[in-house]
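Okay, structure first, notes after.
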Amino acid sequence: MTYTGVPDKHKKQDGEHANIATQNKKIISEDTSNDAGWTQPNDQIAACGLQLKYHLGDEAEVSLPLYTGNWDSKFLEEEVKKIDFDGNKKISLLQKGPERNNGQSLRSLYTSKSKNGESDNMLTGDESIFKAVVTKGKQVVNQTQRAKGWIDVSDGEKGVSIGIKNFLKEYPKGIEVDPSTKTLFGNIWPLENGPMSFARDNTESDGGMLDNFAQGITKTTEFLYYFHDNQTDNTINQKMDYVLNSPIAHATPEWYSNSKVYGNMAPFSDKYPQFENALQYKYDWWSFNQDNEPWYGMFDYGDGKTYFYNKKWFQWTNNEPTIDFMLWTNFMRTGNAKYFHMAQAMSRHTMDVDNVHWPKKRNYLGQINDAIDFWDYREEPESTPYLGIGRRHANEHWYALLSAHVWIQGWIASYYISGDHRALEVAKMTGDTYLKRIWGEHDLRGRRLYLSVLNLVELYDATKLDKYKKELDERVGLMLQLQEEQGGNLLLDRYGYSQTYVAQGLYKYYQITGKKEIKKALLNHAYWIRDVPPLNHEMESYLATIYPLLIGYEFSGHKAFFEEAIIRAELLEVGRLPKSSDEYNTVDSYNEALLKVSNLPKSAGRFTNWEINQGLRVFGWTHAYNIPYLIYWLDNENTKKTK
């Protein structure tokens, strides 16, 4: 489903915003906060779903499972309910959850200009913030907090079941049986839930912009249909579990690491607990908050908040910097299915909600014999120039765009590990936008250049399409040319935290091509960051240098690179928590325990966004893309010593 409506009633200006402008003739002013139309909904989603005409006898029966107990119980018991038809009364299951509430922005908190002082924490103490309601006609026949997410209708000889994945986590969801028309409805957005509005909550500037980019948001929902010959409820439940609660395939962690697809990455082990704690505690903290806040909902699930400040969470992350790939990496390293589900949810969220999908012109492939089809295609409106471009982290998913804010790497990992072909499809859409170079030379400078190389090398590796290789070659050539002008540094000083993009992108490019000039460029860069540590974003940039230093060690054998990487990594060491993450009952107690075992320094003059109690955004630069490689080389050095 793609939303193609007009989200609100603000007065549309002619032109583009300065930070995503493809020209400089017509630039939109951000000073429109007095326009009340921003907060007034226009087109809304009334209802959306799929319907199926079934062919069963009139004397049919409906079965559906409901969970007992609280929605967040770790051990759920389920009970299958049986409901007989009563004339032509509809039988429906509706899963509802809390109203969407993004709370105040962190910026407004800093400037004391908050228009909404409420917390975005949804833990209100109300145990029934989720409701699963079963009705027959207008009568409520069952109500619990959580439904499993399938309904079966059978007539004693044959039947059909429908299930919807993530029924609770991607609420609202609904399934309905209408005996008067013999129709089975699977509702992605149920009519009973009321309309979905994409209007802004306020007129605060977010990410330096005041706009609404909801048009083009997409949502992928997985349906399962099971046609059977009068199977038992247990058999139906088993079939549904194959998809709704599917087992996860996983090779040994050593198989993934030995493949070298993502470089010299070590599998999880207990050898270096001070570094593994730094990784696993953070991922567990993210998971804890995702489930306990809860960061659920049709357009939210998979994502999480970025900043934890004054015991409140602020700002959706929108995948920066390739958070889904961090989670895929941890799944590969540990084999823990929890991280598979978290990674898949984040990949799907960011490829759908955090990406621009519409307006999109068709690709002409000539499927229709009539020649006029081509001329009709020629006259179709052009696609939005921002097709395939990601949304910036903001207080709402659709408030801000940026010219360097889309990450393909995790989508490709999703394609490899889960077989999700849609991930490759959306990655190609972004890759094709790179080919257009809509921002001119701006497209080929700074973090846009570094991130594009990382994205394109993953896309080329997955597709082997020459068009992506040609674009990749040109961008890598430009990066090496600019390195000469920058004295050996592959990055502009402004973007020191982008070490991850450069190191991972060029390293994989070297794996594919074997070009000696790439090896030389990475080695020269390692010398630069060893001697001139970047501090432009304090720890974000400083700690991001650990992996490129390790590459310098790999390519040169000079122990000084490894020793410097160890010195910088000492800040990442984390002690042991007194109990496991699932034993903490509150965010506050968990937060306090984490801060006690952390070794990270505070910021010299601002909010410390790299601390262990923050979200996963900055963690990508400081930890996630450094520690797995550091452990590999620690293992390698220890192996040498024992020999």
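The values are calculated or read from the model by the stated rules, or taken from the named source; none is laboratory data. In this text the structure is predicted, and so the values were computed from the model without any measurement. Glycine gets a Cβ as well: all are built from the backbone with ideal geometry, and neighbour counts include every protein chain shown. When the accessible area is computed, the model is the full protein with side chains, heavy atoms only, and any ligands, DNA or RNA have been set aside. Shrake-Rupley method; radii C 1.70, N 1.55, O 1.52, S 1.80 Å.
For the chain, build the charge dipole from Cβ charges (+1 Lys, Arg; -1 Asp, Glu) around the Cα centre, then report which of Asn591, Phe562, Gln409 sits farthest towards its positive end.
Phe562
Using the charge dipole of the range 221-300 (Lys, Arg: +1 at Cβ; Asp, Glu: -1 at Cβ; taken about the Cα centre), state which of Asn292, Asn277, Ile236 has its Cα farthest towards the positive end.
Asn277
Once amide H atoms are placed 1.01 Å from N in the peptide plane, what residues at a sequence separation of 5 or more from Gly390, or on another chain, have their amide H within under 5 Å of its amide H?
Amide H neighbours of Gly390, under 5 Å, 5+ apart: His405, Val406.
Along the Cα-to-Cβ line of His558, 7 Å from the Cα, sits a label point; which residues in the range 493-534 have backbone N less than 13 Å from it?
Within reach of a label on His558: 520-532.
Just to verify a number: FRET efficiency for Glu485 and Asp291, C-beta to C-beta distance, R0 = 45 Å, to 0.05?
Once rounded, the FRET efficiency stands at 0.40.
Along the range 320-336, what does the Karplus equation 6.51 cos²θ - 1.76 cosθ + 1.60 (θ = phi - 60°) give for ³J(HN,Hα), rounded to whole Hz, x for Gly and Pro?
6, x, 6, 4, 4, 5, 4, 6, 4, 4, 5, 5, 4, 6, 10, x, 7
Which FRET efficiency value, to the nearest 0.05, do you get for Glu99 and Asp58 by plugging their Cβ-Cβ distance into 1/(1 + (r/R0)^6) with R0 = 41 Å?
Calculated transfer efficiency: 0.55.
Name all residues of the range 429-460 having a backbone nitrogen under 20 Å from the label point set 7 Å from the Cα of Lys470 along its Cα→Cβ direction, giving them as ranges.
Residues 429-441, 443-444, 452-460 fall inside that zone.
Taking 8 Å as the Cα distance limit and 6 or more residues as the minimum spacing, I'd like the relative contact order of the chain as a percentage.
13 percent
Taking a probe of 1.4 angstrom, what is the accessible area of Glu573 in Å², to the nearest 10?
Number for this one is 60 Å².
Check Cys48: other-chain or 5+ apart residues with amide H under 5 Å from its amide H, H built from backbone geometry?
So Cys48 has HN proximity to Ile188, Trp189, Leu191.
Add +1 for every Lys or Arg and -1 for every Asp or Glu among the other residues with Cβ under 12 Å from the Cβ of Glu79, and state the total.
Residues near Glu79 contribute +1 overall.
Give the angle, between 0 and 90 degrees and rounded to the nearest 10, that separates the Cα long axis of helix 409-418 from the longest principal axis of the Cα atoms of the chain.
Roughly 50 degrees between the two axes.
Per residue, how much accessible area does the chain show when a 1.4 Å probe rolls over the protein heavy atoms, in square angstrom?
For the chain, the solvent-accessible area averages 42 Å² per residue.
Hey, rough spin-label estimate for Ser581 and Val261, points 7 angstrom out along Cα→Cβ, what's it come to in nanometres?
Distance between the two pseudo-spin positions: 2.3 nm.
Length gain on complete extension for the stretch Thr181 to Leu365, per 0.36 nm per residue less the alpha carbon to alpha carbon distance?
Taking Thr181 through Leu365 to full extension adds about 62.3 nm, to one decimal.
Round to a whole angstrom and tell me the spacing of the C-alpha centers of the range 542-597 and the range 437-460.
Taking the Cα centre of the range 437-460 as reference, the centre of the range 542-597 is 29 Å away.
Measuring from label point to label point, each 7 Å out along Cα→Cβ, what is the Ser128 to Leu76 span in nm?
If labels sit at Ser128 and Leu76, their model points lie 1.9 nm apart.
Nearest 10 degrees is fine. How inclined is helix 466-485 to the longest principal axis of the chain, computing both from alpha carbons?
Roughly 40 degrees between the two axes.
Apply 1/(1 + (r/R0)^6) to the Cβ-Cβ distance of Glu157 and Tyr377, taking R0 = 45 Å, and write down the FRET efficiency to the nearest 0.05.
Here the calculated transfer efficiency is 0.40.
Name the residues of the range 576-606 whose amide N is less than 19 Å from a point 7 angstrom out from the Cα of Gln274 along the C-beta direction?
Hits in the range 576-606 for Gln274 at 19 Å: 576-578, 594-602.
In sequence order, what are the phi-derived ³J(HN,Hα) couplings for the range 587-603 according to the Karplus relation 6.51 cos²θ - 1.76 cosθ + 1.60 with θ = phi - 60°, rounded to whole Hz, with x for glycine and proline?
Rounded to whole hertz, the list is 4, 4, 5, 5, 4, 4, 5, 5, 4, 6, 9, 7, 10, 7, x, 7, 5.
Could you name the lysines whose alpha carbon sits less than 20 Å from that of Lys602, not counting residues in the same chain fewer than 8 places away?
Output for Lys602: Lys282, Lys311, Lys312.
Would you work out the relative contact order for the range 391-506, in percent, from Cα pairs under 8 angstrom that are 6 or more residues apart?
Once normalised by length, the contact order is 23 percent.
Would you list which lysines come within 22 Å of Lys559, measuring only between C-alpha atoms, while excluding same-chain residues fewer than 8 positions from it?
In chain and number order, the partners are Lys271, Lys516, Lys519, Lys520, Lys640, Lys641, Lys643.
Using the crude model of +1 on Lys and Arg Cβ and -1 on Asp and Glu Cβ, and no other charge, please compute the dipole size for the chain relative to its Cα centre, in debye to 20.
Its charge dipole is roughly 1300 debye.
Could you sort out which of Lys131/Lys239; Lys260/Lys361; Lys90/Lys165 sit more than 32 Å apart by Cα distance in this structure?
Lys260/Lys361
Relative to the longest principal axis of the chain, what angle (0 to 90°, nearest 10) does the C-alpha long axis of helix 273-292 take?
Result, in degrees: 30.
Dipole magnitude of the range 1-107 about its Cα centre, charges +1 at Lys/Arg Cβ and -1 at Asp/Glu Cβ only, in debye to the nearest 20?
440 debye
Each residue of the range 174-179 in turn: what ³J(HN,Hα) in whole Hz from Karplus with 6.51, -1.76, 1.60 and θ = phi - 60°, glycine and Pro shown as x?
x, 9, 9, 10, 10, x
Picking from Tyr377, Asn336, Tyr468, whose Cα lies most toward the positive end of the charge dipole for the chain (charges on Cβ: Lys, Arg +1; Asp, Glu -1)?
About the Cα centre, the residue reaching furthest to the positive side is Tyr468.
Of the cross-linked pairs Lys74/Lys138; Lys74/Lys96; Lys96/Lys305, which ones have a Cα-Cα span greater than 25 Å in the structure shown?
Table pairs above 25 Å Cα-Cα are Lys74/Lys138.
Under unit Cβ charges (Lys, Arg +1; Asp, Glu -1), what dipole magnitude, rounded to 20 debye, does the range 342-411 have relative to its Cα centre?
340 debye
Around Lys89, under 14 Å between beta carbons, what's the net of Lys plus Arg minus Asp minus Glu among the other residues?
Net charge in that neighbourhood comes out at -2.
Can you tell me which aspartates and glutamates have their Cα less than 16 Å from the Cα of Lys436? Leave out same-chain residues fewer than eight positions away.
Glu382, Asp466, Glu471, Asp473, Glu474
Calculate, in nm to one decimal, what Glu254 and Thr32 gain on full extension: separation in residues at 0.36 nm each, minus their alpha carbon distance.
Extending this stretch completely gives an extra 74.4 nm.
Figure the gain on full extension for Asn230 and Trp358 (residue separation times 0.36 nm, minus the Cα-Cα span) and round it to one decimal in nm.
Stretched out fully, the Asn230 to Trp358 stretch lengthens by 41.8 nm.
The range 134-153 to the range 491-528: how many Å between their Cα centroids?
Comparing the Cα centres of the range 134-153 and the range 491-528, I get a distance of 56 Å.
Tell me the label-point distance for the pair Gln44, Asn636, using the 7 Å Cα-to-Cβ offset, in nm and rounded to one decimal.
5.8 nm
For the chain, what does the helix formula give at 222 nm: sum of -39500 (n - 2.57) over DSSP H segments with n ≥ 4, over the residue count, nearest 500 deg cm²/dmol?
After summing the helix terms and dividing by residue count, I get -11000 deg cm²/dmol.
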